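Asker: Next up is a structure, given as structure tokens.
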């Protein structure tokens, strides 16, 4: 753990804090490339090999069927199911607010707009190596369902007893998941990207994972769409001397529980508070070995002279989770440029967003919050532009189109417009159809319209 004034950090310490898990991902790329190659070429055979290698279990049929769902349901308490259902309602409500709609406008005789279409199939990766994450089922499946995705698949590592985690299956059932498969790690990402004999490929892969999963998503992005780079979890806490040291320590521990590569950073204007947090981190009971490893290797408590210095560091760091625990947290909100999700005040720990508040916990890590957003309904829809021109509307902009097309040397583009605007309204097209637009006869009375019809018939 690093405990230092920010301006006194050694260059290598500053670089380590900023780069966090990026170096680790570069280290695993060669082995992940081999896994992807094997799954692409050998399909289920490779999945069985790597499942035995990494999950220490042998799986013949990766699909989860009704009987396993029924068995899992019996093991999940009513209290847990009710908590999942409450979270499901809040998450669904939040994401329904994000749902856009198709729109059109008419301008200069042209009708132009945008329609929204959901993706056809999505694969949701649900981690399961170190812990069960039914909450990730909710966070990935619900926005896809709200968007209208036809086929939503969940894929999750099997346990040694060859079963999927019962909490994950309970969440899948509550969310109405269409298919569930028991495969984990980079090999699961490969199966979703390329397809195997038993697992059909998907159009997009979403969901967080360890460095192997993140590296695999990075490598398959040429074959299938992927969501934001969501690697080992991280939190940056910005606090002043009014914050509670024990609560801040607990927040750092909570983030460290996810992965030994997770990062927990505190920026504070109070050296005394920083020292108290460090003592708490040493004295508080930490249940998970992953958390102890993470805090020892990746935690930092940094002192700054002014909150403005902390804000500057925050925008450079671009954290996945940002907690602002100061006297007037909302006053700082406009100054934050880069963060995956923001938690304001002493009573808003990251755990709120992890589970039940409704916001999504699949967020960009490793500084990608500078350019990426958290998972949302927009990740599961396509925006398709639509345009319709009458002949008159085309004539209004035709000269500009021709000028620009010829300036670029694209004479075919220019001619495709010139021919249309120079032809007589009743001249036949090469396919024998009349080019008269609806607007050409829209203003004619019944008698005039009849005469126009006779003339067209004579020309035919």
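We did not get these values from a lab; they are worked out from the coordinates using the rules stated. It should be emphasised that the depicted structure is a prediction, and the values quoted were computed from it without experimental measurement. Counting neighbours? That spans all protein chains shown, and the Cβs are built from the backbone with ideal geometry, glycine included.
Asker: With everything on Cα atoms, drop me the angle between helix 411-422 and the longest principal axis of the chain, reported from 0 to 90° to the nearest 10.
Answerer: 50
Asker: When a/c is below 1.5 the answer is rounded, else prolate if a/b is larger than b/c, else oblate, so apply that to region 357-417 with a ≥ b ≥ c taken from the square roots of the Cα gyration tensor eigenvalues. Numbers along the way, then the final one.
Answerer: Details: a/c = 5.18, a/b = 2.54, b/c = 2.04.
Prolate.
Asker: Still on this model: Give the angle, between 0 and 90 degrees and rounded to the nearest 10, that separates the Cα long axis of helix 44-55 from the longest principal axis of the Cα atoms of the chain.
Answerer: 30
Asker: Further question on the same structure: Using C-alpha positions alone, give me the convex hull volume of region 309-373 per residue in cubic angstrom.
Answerer: Working: hull volume 5.2 nm³, N = 65.
About 80 Å³ per residue, rounded to a whole number.
Asker: Where the eigenvalues come from the Cα gyration tensor of region 182-268, what are the semi-axes √(5λ) of the equivalent ellipsoid, largest first, in whole Å?
Answerer: Sorted largest first and rounded, they come to 36, 12, 9 Å.
Asker: For the chain, take the longest principal axis of its alpha carbons; what is the angle in degrees between that and the long axis of helix 166-175, to the nearest 10 within 0 to 90?
Answerer: So the helix axis and the longest Cα principal axis differ by about 30 degrees.
Asker: What number, in percent, do you get for the relative contact order of region 13-155 if the mean sequence gap of Cα pairs under 8 Å and at least 6 apart is divided by its residue count? Walk me through the numbers on the way to the answer.
Answerer: Numbers: 92 pairs, mean separation 24.1, N = 143.
17 percent.
Asker: Do you know the relative contact order of the chain, to the nearest whole percent, from alpha carbon pairs under 8 angstrom that are 6+ apart?
Answerer: 19
Asker: Let me ask another. Is the chain best put as rounded, prolate or oblate by its Cα gyration tensor, with a ≥ b ≥ c the root eigenvalues, rounded for a/c under 1.5, and otherwise prolate when a/b is larger than b/c, oblate when not?
Answerer: Numbers: a/c = 2.38, a/b = 1.70, b/c = 1.40.
Prolate, since a/c reaches 1.5 and a/b exceeds b/c.
Asker: May I pose another question? Using just the helices of the chain, give the 222 nm mean residue ellipticity in deg cm²/dmol: DSSP H runs with n ≥ 4 each add -39,500 (n - 2.57), and the total is spread over all residues, rounded to 500.
Answerer: -14500 deg cm²/dmol
Asker: Say R0 is 41 Å: what FRET efficiency, to the nearest 0.05, do residue 58 and residue 225 get from their beta-carbon distance?
Answerer: In this case the efficiency is close to 0.80.
Asker: At 0.36 nm per residue, and after removing the present C-alpha to C-alpha distance, how many nm does the segment from residue 74 to residue 287 gain when stretched out fully?
Answerer: Contour length minus Cα-Cα distance gives 73.9 nm.
Asker: Could you tell me which of rounded, prolate or oblate describes region 3-73, using a ≥ b ≥ c as the square roots of the eigenvalues of the alpha-carbon gyration tensor, with rounded for a/c under 1.5 and, failing that, prolate when a/b is larger than b/c and oblate otherwise?
Answerer: Numbers: a/c = 4.77, a/b = 2.07, b/c = 2.30.
Cα axes put region 3-73 in the oblate bin.
Asker: Report the label-to-label distance for residue 5 and residue 41 in nanometres (one decimal), using points 7 Å from each Cα along the Cα→Cβ vector.
Answerer: Spacing of the two 7 Å Cα→Cβ label points: 5.8 nm.
Asker: For region 177-329, what's the relative contact order in percent, using C-alpha pairs closer than 8 Å and at least 6 residues apart? Display every interim value, and only then the final one.
Answerer: Values: 251 pairs, mean separation 34.7, N = 153.
Result for region 177-329 is 23 percent.
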